[in-house]
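Handing you a structure now.
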Amino acid sequence: MAGFDMVVRGGTVVTNSEVFAADIGVTDGRITAIGVGLSGGQEVDATGLLVLPGGVDTHCHIEQLQDGGGADEESWTTGSTACLAGGTTSVVTFSTQFKGGGILEPLAEYRRRAASAMVDYSFHQIITDATDSVIWDEIPKVVESGVRSLKVFLTYDALALDDRAYLRVLAAARRAGALVTVHCENHDAIGWRTEALLAAGHTAPKFHAWSRPRMIEREATHRAIALAEMVDQPIQVFHVSCSEVAEEIARARHRGLKVWGETCPQYVVLTAGDMDRPGFEGAKFMCSPAPRNPADQLALWQDIRRGTLDIISSDHSGWCYDGTRGKRAHGSDANFRDIPNGVPGLAARLPIIFSEGVVGGHIDLPHFARLIAGNPAKLFGLPGKGAIAPGYDADLVLWDPTKKTTLTNAHMQHAIDYTPYEGLEVTGWPTTTIRRGTVVMRDGKVQAEPGTGRFLARGPYDMIRPTGTLPDGFDASVFA
Ligand code: DUC
Ligand code: ZN
Ligand code: ZN
């Protein structure tokens with residue numbers, strides 16, 4: 001056999017379906033052999049370690065442009081460092097539209113900024129303003145350029161689409177052959193409850209959870225699915241926080257719809273109680289949907305086991321605690337409406353899900369691989385990603401399954417000045433990350449060059465093709 005550039009030797013390989021002892025041969029950045037007794041090139045010793053597929057994080061916010069100017073504090077350099085430190089080698093992040101603007105220009109700016117990435121990447125195109133030119137002219141061009149997923153929000157003042165606009169985006173996605181991802185919360189209900197809470201003097205961070213109880217997430221999920229069913233457009237529901245929302249997805253799948261759901265580490269380890277920590281500390285745990293309670297965490301694992309929730313992403317959305325744009329930008333007595341939403345979690349994702357999921361007895365090793373790599377790569381059509389198999393990119397993580405770590409912000413290697421997981425004990429830790437056949441992290445030290453990440457152009461693929469079932473057989477998306 002021709003010589004390998006690298007052989008990962010002596011590890012226990014975890015694929016999306018199996019666990020077995022083998023060496024992995026790598027040539028030109030790709031896996032070219034899996035077997036025993038391989039040798040040649042750079043030898044990476046994996047004795048006593050698991051060899052996992054590199055993590056694929058299909059929902060994270062990196063260097064996202066802000067409406068008032070500037071960008072997220074998490075830059076491509078710091079964000080990539082955090083990813084590689086935590087065993088993630090590919091991401092799908094966001095290009096956003098500002099109301100009144102188009103999507104081609106911002107996407108070009110996002111592509112330019114991502115030129116310093118050290119992980120492989122793609123984008124979801126956020127649509128906040130469904131104008132005729134965006135719907136009929138720009139979305140087809142964006143999708144054709146390899147950005148094959150759109151993101152819509154059903155809440156947030158600056159981002160929300162009403163039902164009519166959401167339908168227009170679903171129809172545009174159907175015509176272009178893209179997946180639609182949806183943030184499901186009822187905007188008007190949140191607005192009404194927030195007004196009432198503030199009028200009652202309930203302003204502390206914990207009231208963030210009170211402003212958006214579970215039924216408003218369930219209602220929006222139900223509506224998002226029903227409208228997608230009417231258009232016959234596949235969707236993924238982002239960041240499912242609890243089982244009654246997952247039930248909506250399970251019901252849709254039972255009807256044969258192409259509806260998928262993801263959840264995130266914050267929903268299996270944080271609770272609404274964390275937002276009630278003393279002083280202003282609760283702000284560190286504020287994200288939307290809000291974390292729920294311990295019983296919900298257990299129920300989510302059941303939904304994960306059943307496959308209703310088949311992707312675990314980070315929804316990394318980094319706001320520093322201190323600083324001029326962070327959680328405390330409006331002071332330590334700011335009301336919850338003025339505190340930015342989101343928690344950081346690029347590096348914490350794999351260790352938390354391994355520890356809680358595999359060590360905690362909820363899932364087996366191949367299921368872990370599918371949740372953090374295989375399923376996201378498949379659903380988002382990422383070429384060559386998410387599997388340990390000949391022909392796939394040699395994105396690998398060497399994993400010590402018994403190493404115990406108490407998480408601190410220093411482990412996260414992100415730009416954010418805190419982690420909501422401070423003090424959480426995890427078992428299992430990445431010791432080496434390999435991206436396309438290059439060692440890019442060893443023992444916590446990231447050693448990649450900015451600009452070595454690649455844009456992942458996503459072409460058409462079967463999984464997100466409409467089912468062909470339309471009410472009355474009428475395809476409204478041809479006309480509107
Ligand atoms: N919720 C989102 O929808 N996006 C980023 C952060 C958050 O909490
Ligand atoms: Zn969201
Ligand atoms: Zn998000």
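Using only the alpha-carbon atoms, how far is helix 187-199 inclined from the longest principal axis of the chain? Give it as 0 to 90 degrees, nearest 10.
Result, in degrees: 70.
Now for a separate question. How big is the C-alpha Rg of the stretch 25-176 next to the rule-of-thumb value 2.2 N^0.38 Å, as a ratio? Each step should come with its number before you reach the end.
Details: Rg = 19.3 Å, N = 152, 2.2 N^0.38 = 14.8 Å.
That ratio works out to 1.30.
Which percent, to the nearest 5, of DSSP beta bridges fully inside the chain are antiparallel?
Details: 32 of 68 bridges.
Within the chain, antiparallel bridges account for around 45 percent of the total.
Moving on to the next point. Report, ordered by chain and residue number, the lysines lying within cross-link reach of Lys403, taken as a straight Cα distance under 18 Å and ignoring same-chain residues fewer than 8 apart.
Counting by Cα, and skipping residues close in sequence, Lys403 has these lysines nearby: Lys445.
Next up: Specify the longest stretch of the chain that does not include any exposed loop site, a site being one of the GluC sites (Glu not before Pro) with a non-H, G, I, E, B DSSP assignment and at most 13 other Cβ atoms within 10 Å.
Between the exposed loop sites, the longest stretch runs 19-421.
Name the lysines eligible as straight-distance cross-link partners of Lys206: C-alpha to C-alpha under 16 Å, and not fewer than 8 places from it in the same chain.
Straight-distance partners of Lys206: Lys284, Lys327.
Can you compute the radius of gyration and Dmax for the stretch 293-416, using only the Cα atoms, both in Å?
For the stretch 293-416, the Cα radius of gyration and maximum Cα-Cα distance read 17.4, 56 Å.
How far, in degrees from 0 to 90, does helix 214-231 lean away from the longest principal axis of the Cα atoms of the chain, to the nearest 10?
Roughly 80 degrees, rounded to the nearest 10.
Something else about it: Could you pull out every one of the lysines with an alpha carbon less than 22 Å from that of Lys99, ignoring same-chain neighbours closer than 8 positions?
Hits, sequence-local ones excluded: Lys141, Lys151.
Now, a different point. What would the Debye equation give as log₁₀ I(q)/I(0) for the chain at q = 0.10, 0.12, 0.13 Å⁻¹, counting only Cα atoms as equal point scatterers?
Relative scattering, expressed as log10 I(q)/I(0), comes to -0.71, -1.03, -1.22.
What are the principal axis extents of the Cα atoms in the stretch 178-228, in Å, biggest first?
Principal-axis extents of the Cα atoms in the stretch 178-228, largest first: 43, 16, 15 Å.
Sticking with this one: Using only the alpha-carbon atoms, how far is helix 243-254 inclined from the longest principal axis of the chain? Give it as 0 to 90 degrees, nearest 10.
Computed tilt is about 80 degrees.
With θ taken as phi - 60° and the coefficients 6.51, -1.76 and 1.60, list the Karplus ³J(HN,Hα) couplings across the stretch 362-371 in order, rounded to whole Hz; mark glycine and proline as x.
7, 9, 9, 5, x, 5, 4, 4, 5, 5
As a test of the formula, what do you get for the chain when each DSSP H run with n ≥ 4 contributes -39,500 (n - 2.57) and the sum is divided by the residue count, at 222 nm and rounded to the nearest 500 deg cm²/dmol? All intermediate terms of the calculation are to be shown ahead of the outcome.
Details: 14 runs with 125 residues, N = 480.
After summing the helix terms and dividing by residue count, I get -7500 deg cm²/dmol.
Values in this text are rule-based calculations from the coordinates and carry no lab data. Predicted, not measured: the structure shown is a model, and the values here were computed from it. Heads up, the Cβs are rebuilt from the backbone with ideal geometry, glycines too, and the neighbour counts pull from every protein chain shown.
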